[in-house]
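What follows is a single structure, written as structure tokens, with notes after it.
The values are calculated or read from the model by the stated rules, or taken from the named source; none is laboratory data. Being a predicted model, the structure only gives us computed values, none of them experimental. Because the Cβ atoms are built from the backbone with ideal geometry, glycine has one as well, and the counts that use them run over all protein chains shown. Note: areas computed on protein heavy atoms with side chains; ligands, DNA, RNA excluded. Shrake-Rupley method; radii C 1.70, N 1.55, O 1.52, S 1.80 Å.
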Amino acid sequence: MKVYFIGAGPGDPELLTLKAKRILEESDIVIYAGSLINMDILKFTRRNAALHDSSTMELGEILEIYKEAKKAGRTVARIHTGDLSIYSALQEQLDWCDKEGIDSEIIPGISSFQAAAASLKRELTLPGVSQTLILTRISGRTEVPAREGLEDLARTKATMVIFLSTHEIERVVDQLAKGYGEDTPVAVVEKASWSEERKIIGTLGSIAEKVKEAGIKRQALIIVGDVLGKTYQKSKLYDANFEHGFRKKKGS
Ligand code: SAH
């Protein structure tokens, strides 16, 4: 018996890993957040698997399912969106499983920020522009520590991806503009990798208006930074004058 915590990727069922697909096919019990995941992913579950939508359940009820599954010797697949290492409420479930002697395993998934970057056809780390990626969110019901305020993070001018915050786009861009400047490019991607994906491109000065006009509030990411602009230095990795472990400079 085991509880598998599965990162189900950003939405497109083809972005599930082979391992996630196999475990879904084999599991007796599948728990998913109906409000967030693409229901097409459930087509990989066994015909007689017990399915539970966690969007209306409390943590205690979910833990009860794990406990019952342990008694009955059943395998549980707990599906989360994207990857489990960010904003997944995973830790409390893992710690509880440990305490109860329930075996668990984590299957990593493709995060929504990776799908958004792919859709924008953008590399988020460009030489001479930014070599750092900040993944963050605005303070809401979950407090962000004061030292991680958006305005302070923005002063680094590193590339930033902001989760769980598009419904507060005005507050977000106000804080970001103080660090990056109003002309910095920004993209908002809604439902990255889904068939109904939408992208809005602008600057910190213009994006809030466009996003509000489009009515985008949730299941969307804000990506900001000069990596979305046009200028950068060519990568050294493929530069003819640059040697690395697997390639000598031509003529040397
Ligand atoms: N663990 C997830 C994030 C869960 S938090 C991951 O790795 O992607 C939920 C937030 O993720 C949403 O508010 C939104 O900001 C973002 N998100 C999840 N799926 C998304 C998608 N397909 N497109 C854009 N943003 C998405």
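Computed from Cα atoms, the angle from the helix 59-72 axis to the main principal axis of the chain rounds to 50 degrees.
When +1 charges are put on Lys and Arg Cβ atoms and -1 charges on Asp and Glu Cβ atoms, the dipole computed for the range 3-107 relative to its Cα centre reaches about 380 debye. Which number gives the lysine pairs in the range 112-228 that have C-alpha atoms under 14 Å apart and are eight or more places apart or on different chains? Lysine pairs meeting the criterion: 7.
For a quick protection proxy, order the peptides 141-149, 60-68, 183-191, 104-112 by their average other-Cβ count within 10 Å, most packed first. Present the calculation step by step, with values, prior to reporting the outcome.
On the way: 141-149: 9.7, 60-68: 14.9, 183-191: 22.1, 104-112: 20.1.
Ranked by mean Cβ neighbours within 10 Å, highest first: 183-191, 104-112, 60-68, 141-149.
FRET efficiency for residue 18 and residue 72, Cβ-Cβ distance as r, R0 = 22 Å, nearest 0.05? Efficiency, from the Cβ-Cβ distance: 0.20. Give the residue from 129, 223, 116 lying farthest towards the positive end of the charge dipole for the range 112-228; charges sit on Cβ (+1 for Lys and Arg, -1 for Asp and Glu) and the dipole is referred to the Cα centre. Comparing the listed Cα positions along the dipole, 116 ranks first. Which part of the range 83-107 falls in the paramagnetic zone of residue 57, meaning amide N under 17 Å from the point 7 Å along Cα-to-beta-carbon? Output list for this probe position: 88-98, 100, 102-105.
Can you tell me what percent of all Cα-Cα pairs in the chain are more than 24 Å apart? Numbers along the way, then the final one.
On the way: 17330 of 31626 pairs.
When every Cα pair of the chain is considered, 55 percent fall beyond 24 Å.
Run the dipole for the chain about the Cα centre, Lys and Arg Cβ at +1, Asp and Glu Cβ at -1, nothing else charged, and hand back the magnitude in debye, nearest 20.
Values: 36 positive and 36 negative charges, 214 e Å.
Computed charge dipole of the chain: roughly 1020 debye.
Counting protein heavy atoms only, the range 130-205 has 47 percent of its accessible area on carbon and sulfur, 1.4 angstrom probe.
To the nearest 0.05, what FRET efficiency results for residue 194 and residue 247 with a Förster distance of 35 Å applied to their C-beta separation? Walk me through the numbers before you get to the answer.
Numbers: r = 39 Å, r/R0 = 1.13.
E between residue 194 and residue 247, to the nearest 0.05, is 0.35.
I want to make sure I understand the PRE zone here: with the label point 7 angstrom from the Cα of residue 143 toward its beta carbon, which residues in the range 50-68 have backbone N atoms less than 17 Å away? Under cut-off, by backbone N: nothing. Ignoring lysines fewer than eight residues from residue 67 along the same chain, the ones with Cα atoms less than 25 angstrom from its Cα are 2, 19, 21, 99. Rg and Dmax of the range 3-107, both derived from C-alpha coordinates alone, stand at 12.5, 35 Å.
Would you calculate, for the chain, the mean residue ellipticity at 222 nm contributed by helices, counting each DSSP H stretch of 4 or more residues as -39,500 (n - 2.57) and dividing by all residues, to the nearest 500?
On the way: 7 runs with 66 residues, N = 252.
Value at 222 nm, helices only: -7500 deg cm²/dmol.
Between residue 170 and residue 43, the FRET efficiency estimated from the beta carbon spacing at R0 = 45 angstrom works out to 0.70.
Out of all DSSP beta bridges with both ends in the chain, state the antiparallel percent to the nearest 5. List each step's numbers first, then the result.
Details: 17 of 38 bridges.
Once the DSSP bridges in the chain are tallied, antiparallel ones form about 45 percent.
Only one residue of 27, 235, 211 has its Cα farthest out toward the positive end of the dipole of the chain, where Lys and Arg carry +1 and Asp and Glu -1 on Cβ, and that residue is 235.
Over the chain, accessible surface divided per residue gives 56 Å², non-protein components excluded, 1.4 Å probe.
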